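Working notes for the structure below.
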Amino acid sequence: SYFVARISEEAMTALSLVYPIQNFITSVGVGFGIGINAAIAFFLGAQDQKKADAAATQGLFLSVIHGIVLTVVTIAVMPLFLQIFTKDVTVIQMGNAYSRIAFGFSIVISLEITWEKIFQAVGRMRVSMICMMSGCIFNIVLDPLLIFGIGPFPELGVAGAALATVIARYIEAFIIIVWAHSHT
């Protein structure tokens, strides 16, 4: 928000209007991930590794389905959602530009959150913390580079903010997947 606000008031308004839907996507992922977390922890507590593994596998599969549904629905609904709250064409265009990029990768967000919750279920809280911190740090670093076009990066404005967020989530997902495969 700090960097987007430096673009213009319209850019900040667009981001503010998109944020509740972006937060909804994350909330669905976290809610579902917590359910998977509870199922895995339950089965591990019952000493049933096979069912715990099945819960994790099914959870990851369902996260992909959630991600696809959230991508399609949120991108389809966003133009109407923005028009309900503003008639400013610039704000609507910026909001749609941001949301198409940010929401287009809801599958990655859903999977990454599910992986975090799986690690939490097996008591690997540090892995989740490192992944979340890495994503936040990369987002903070990438935002000004992609928004304002610093160095070799193109100036992308609001779309750059969305791209920075997506790249940061990909980095989180990459770290957690590499960690999962290297410690199995």
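The values are calculated or read from the model by the stated rules, or taken from the named source; none is laboratory data. Quick caveat: nothing in here was measured; it's all calculated off a predicted structure. Here the Cβ is made from the backbone with ideal geometry for all residues, glycine too, and neighbour counts use every protein chain on show. Heavy atoms of the whole protein, side chains included, go into the accessibility calculation; ligands, DNA and RNA do not. Shrake-Rupley method; radii C 1.70, N 1.55, O 1.52, S 1.80 Å.
The table that follows gives values for the structure above.
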{"item": "Search result, residues across region 106-129 that are farther than 21 Å from residue 45 by Cβ and in contact with a helix residue (DSSP H, G or I) (Cβ under 7 Å, 6 or more places away or on another chain)", "result": "106, 107, 108, 109, 110, 111, 112, 113"}
{"item": "Criterion: open to solvent by 60 Å² or more (accessible area, probe 1.4 Å) and in contact (Cβ under 8 Å) with a residue 12 or more places away in the chain - qualifying residue of 24, 61", "result": "24"}
{"item": "Matching residues, region 104-128, being out of contact with any His (no Cβ under 9 Å at 6 or more places or on another chain), over 20 Å from residue 167 (Cβ atoms) and without any contact (Cβ under 8 Å) to a residue 60 or more places away in the chain", "result": "123, 125, 126"}
{"item": "Flag for residue 17 being touching a Gly at 6+ places or on another chain (Cβ under 7 Å) and in a helix (DSSP H, G or I)", "result": "yes"}
{"item": "Test: residue in region 83-100 that is of a type in the set (Asp, Glu) and within 19 Å of the chain's Cα centre (by Cα)", "result": "no"}
{"item": "Extreme residue, farthest from residue 4 (Cα to Cα), among residues of region 139-184 that are among the aromatic types (Phe, Trp, Tyr) and touching a Phe, Trp or Tyr at 6+ places or on another chain (Cβ under 9 Å)", "result": "179"}
{"item": "Given (1) without any contact (Cβ under 8 Å) to a residue 60 or more places away in the chain; (2) in a helix (DSSP H, G or I); (3) in contact with a Pro (Cβ under 9 Å, 6 or more places away or on another chain), index of the condition residue 80 fails", "result": "(3)"}
